[in-house]
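S.K.: Below is a structure I'd like to ask you about.
The values are calculated or read from the model by the stated rules, or taken from the named source; none is laboratory data. None of these values were measured; they are calculated from a predicted model. Quick reminder, even Gly has a Cβ in these numbers, built from the backbone with ideal geometry, and neighbours come from all protein chains shown. Surface accessibility is based on the protein's heavy atoms, side chains included, excluding ligands, DNA and RNA. Shrake-Rupley method; radii C 1.70, N 1.55, O 1.52, S 1.80 Å.
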Amino acid sequence: MAGVLYEEATRVYPGSDRPAVDALDLDVHDGEFLVLVGPSGCGKSTSLRMLAGLERVDGGRIAIGDRDVTHLPPRDRDIAMVFQNYALYPHMSVADNMGFALRVMKAPREEIARRVREAARLLDLEEFLDRKPKALSGGQRQRVAMGRAIVREPKVFLMDEPLSNLDAKLRVQTRTQIAALQRRLGVTTVYVTHDQVEAMTMGDRVAVLKDGVLQQVDTPLHLYQHPANVFVADFIGSPSMNLAEYPVVADEAVLGELRVPLSRETLKALQDEGGDRVILGFRPEAVEVVGEGEPAGFPVTVTVVEELGSDAFLYGQYADTADPARLAQTVIARVDPADPPAKGERVRLRIQPGKERLFSAVTGRRLPT
Amino acid sequence: MSTSTTPPSPTPRPAVADEAAHGRAIAAAPRGEPQSPLESSSRRTRWLVTLLIVLAMLWTLVPLAWMLLSSFKNRVDVTASTPQVFFTPTLDNYRNLFRGPNNLAPYILHSVLAAGISALLAVFLGALAGYGLARTQMRGKRHLAFWIISTRMAPIAAIVVPLFLIFRGLGLIDSIPGLVLAYLTFNLPFAIWLMSAFFAEVPSSLEESALVSGCSRWQAFYLVILPLTKSGLVTTFILCLVFAWNDYAFAVVFSGPNSQTLPIAASQLVTQTGIDWGQLTAIGTIVVVPMMLAGLAVRRWLVTGLTLGAVTGE
Ligand SMILES: Nc1ncnc2c1ncn2[C@@H]1O[C@H](COP(=O)(O)OP(=O)(O)OP(=O)(O)O)[C@@H](O)[C@H]1O
Ligand SMILES: [Mg+2]
């Protein structure tokens, strides 16, 4: 068992002047399930492939356990990787696919058979051991790919969007299975996905990447509640956080009837950067419907109500302004699913005190509160 | 990734396999189904297709059959002014080929050696170079690929003279290695080009997976990539073999008594005093039949796809 350490790890693809992964600092603890998440092209796969040895490290270093692996070939890193397309060997049976790494290592035949059987039992693949990959369903192929990684008993599992080729229902099932399996085996895992729900549900900690730069690493809950910047705030959570820029008047952020008092620390930070605007964010569930007379509230015209059974979300338009930019913004609020407002109705909403998040309009970073 | 470089989709195959495949397709066509207007029009197309195939087969097979028949005729029958379909067969033509001072055996040996070795080398080197070409990320890869195949575009006549001078300097005239080398100059670019198309079809995640699983590059190549490109290897081998086996232009320039091949032997039967049609058709049969049999033997490799089930996409 071993952790993984990235130190200033950088990758610049030939012919590109911008690093695909830019000075990545990341400490994955022994036995931890770390999820790398971010939008398409942010460098998740590249980071993972650098750890696998499939991509050159142009700067910084990477270590697995105590061993610096920065320039080691993939075969010497003692890792197992699950590819997005599974990369099963079509000319080999399921059993041979799963035992491949051991055969290359020249493990004794009985041991290979035993470990393949164990993994097959774990993954419910026993009846398919003699089949070729092309005779399997997508979900079964996915499990064979997992099995191949497990049989290897590596120091680290690397997984690059292993669920993206499954249908929605199977994806939800499998993600729970993988997470449970990882906890049971206790093998350090680096898991790449662009799906923030997957990241939140599976990871012990989640690392958010954007344009090759690490934005924040934290537990899912902390990431959700205390995003380090506007990007993370917007990326994590579904439906996403309501975010907009507000002018600061005296000691309040004010737009139309919406007023949020700012703390002394926030005002000081704003003063230091010389800004008179602030980005205010609030989650859909940080909002409550209040009576017409409530002074801290703001009026919203309901455009859509999304009823999910256990939840209901209101999508609305600010009703206290004629500014076209403000009108173009959508407010999302969670409302009582038993008594949702009607479409076209005008409601008054209020941000629960202390649930608002403030970010610098200059740097996008979270402001002290 | 820029895999658009190299050649077309790798499905070339000799005529022999082609016909066999068509034959099967027809045999497998459904029959005896209920009538409908659509059905009858599709039946008409099927008849048309069958007719075209029959014509194509006649076009191909009649001359071959005639050659085969003639090779079993005696001197009188073969030149009879009314073509003889029924006659008393004789093996004289074949016997005579292997008799006397101009025995055919060494020619056959030379042909087998020159064509076989050059085709094997072309496949071996072509696989290595083609793999490199398919996987390299280097700049100008497309130009390199085009340059390689362009060397095959010059007519043989254009390279025979310079090659002759070089071979003479190296003492390669009238030797099997000389012929092997000459065929390689033509077959290798083709083999590289064809093999790189086959390798490009294999997803690189397969070899990456092998590398992560503990393989060296070389192990990944022969444990994972090569088995998946078997049909490519066979196709390339057969095409290179056929070219070298049938070659006359190189052989007539570079070979001598120690290295003359079957096509040379055939040409020597056309003399100023006349043509021995019986022996000529016998040689023709000896030249054609092995290639036909080889094509038939490997046709399942020549027509199969390669990476089914490797990846998720259906
Ligand atoms: N082989 C390559 N050569 C040049 N640039 C590349 C190469 N591979 C990736 N890139 C670039 O590096 C950046 C990061 O790519 P990467 O594949 O790591 O993204 P990703 O986060 O995995 O995205 P996705 O979610 O779409 O898989 C992208 O801008 C991409 O265009
Ligand atoms: Mg990716």
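S.K.: So which residues in segment A:90-113 end up with at least 30 square angstrom less accessible surface once the other protein chains are there, compared with the chain by itself, probe 1.4 angstrom?
M.R.: In segment A:90-113, residues shielded by partner chains: A:P90, A:H91, A:F100, A:V104.
S.K.: For segment A:188-300, build the convex hull from the C-alpha positions and give me its volume per residue in Å³.
M.R.: Normalising the Cα hull of segment A:188-300 by residue number yields 136 Å³.
S.K.: Residues with amide H under 5 Å of A:E345's amide H, sequence separation 5 or more or different chain, H placed in the peptide plane at 1.01 Å from N; which?
M.R.: Amide H neighbours of A:E345: A:V302.
S.K.: Is segment B:39-120 best put as rounded, prolate or oblate by its Cα gyration tensor, with a ≥ b ≥ c the root eigenvalues, rounded for a/c under 1.5, and otherwise prolate when a/b is larger than b/c, oblate when not?
M.R.: Judged from the Cα gyration tensor, segment B:39-120 comes out oblate (a/c at least 1.5, b/c at or above a/b).
S.K.: For segment B:179-201, list residues with backbone N below 16 Å from a point placed 7 Å from the Cα of B:S150 toward its Cβ?
M.R.: B:189-190, B:193
S.K.: Assuming R0 = 25 Å, can you tell me the calculated FRET efficiency for the pair B:V62 and B:T273, based on Cβ-Cβ distance, to the nearest 0.05?
M.R.: Efficiency computed from Cβ-Cβ geometry: 0.25.
S.K.: Would you grab the residues whose amide H sits under 5 Å from the one on A:Y246? Only those 5+ places off in sequence or on another chain, please, with H modelled 1.01 Å from N.
M.R.: A:V278, A:I279, A:L280
S.K.: Less than 12 Å Cβ to Cβ from A:M92, Lys/Arg counted +1 and Asp/Glu -1: what total charge do the surrounding residues give?
M.R.: Residues close to A:M92 contribute a combined charge of +3.
S.K.: Let me ask something else about it. Report in % the part of the accessible area of the protein assembly as shown that belongs to carbon and sulfur, leaving out ligands and nucleic acids; probe 1.4 Å.
M.R.: 59
S.K.: Arrange the peptides A:318-330, B:225-237 so that the one whose residues have, on average, the most other Cβ atoms within 10 Å appears first.
M.R.: Ranked from most to least packed, the peptides come out as B:225-237, A:318-330.
S.K.: Explain nothing, just the number: dipole magnitude of segment B:101-311 about its Cα centre with +1 on each Lys and Arg Cβ and -1 on each Asp and Glu Cβ, in debye rounded to the nearest 20.
M.R.: So the magnitude is around 520 debye.
S.K.: Then there is this: Under a plain spin-label model, where a point goes 7 Å from the Cα along Cα-to-Cβ, how far apart in nm are B:L296 and B:L48?
M.R.: Calculated label separation equals 3.2 nm.
S.K.: Another one. At a probe radius of 1.4 Å, figure out the B/A buried accessible area, summed over both chains, and give it in Å² to the nearest 100.
M.R.: 2100
S.K.: Name the residue farthest towards the positive end of the dipole of chain A from the options A:H226, A:H71, A:L243, assuming +1 on Cβ of Lys and Arg, -1 on Cβ of Asp and Glu, about the Cα centre.
M.R.: A:H71
S.K.: Taking only DSSP H segments of four or more residues, each worth -39500 (n - 2.57), what value at 222 nm results for the protein assembly as shown once the sum is divided by all its residues, to the nearest 500 deg cm²/dmol?
M.R.: Helices in the protein assembly as shown give a 222 nm mean residue ellipticity of -14000 deg cm²/dmol.
S.K.: Suppose each label sits 7 Å from its Cα in the direction of the beta carbon; what would the A:E306-A:Q352 distance come out to in nanometres?
M.R.: It works out to 2.0 nm between the two label points.
S.K.: Test of understanding: extend the Cα→C-beta vector of A:S238 to 7 Å, then name every residue of segment A:163-183 with backbone N under 18 Å from that spot.
M.R.: A:163-179
S.K.: Can you give me the long-range amide H partners of A:A87? Hydrogens built in the peptide plane at 1.01 Å from N, cutoff under 5 Å, separation of 5 or more residues or another chain.
M.R.: Correct list: B:T312.
S.K.: Another question, if that's okay. Report the local net charge at A:E292: Lys and Arg +1, Asp and Glu -1, summed over other residues whose C-beta lies under 12 Å from its C-beta.
M.R.: Net charge in that neighbourhood comes out at +1.
S.K.: With 32 Å as the limit, write out which pairs from A:K132/B:K141; A:K134/A:K210; A:K268/A:K355; A:K132/A:K210 have Cα-Cα distances beyond it, or answer none.
M.R.: Cα-Cα > 32 Å for A:K132/B:K141; A:K134/A:K210; A:K132/A:K210; rest within.
S.K.: Further question on the same structure: For A:A322 and A:R67 in one chain, what is 0.36 nm times their gap in residues minus the Cα-Cα distance, to one decimal in nm?
M.R.: 85.6 nm
S.K.: On average, how many beta carbons from a partner chain sit within 10 Å of the beta carbon of a residue in A:228-234?
M.R.: If you average over the peptide's residues, the count of other-chain Cβ atoms is 0.
S.K.: Skip the ligands, DNA and RNA, and give the accessible area per residue of segment A:1-76 with a 1.4 Å probe, whole Å².
M.R.: 43
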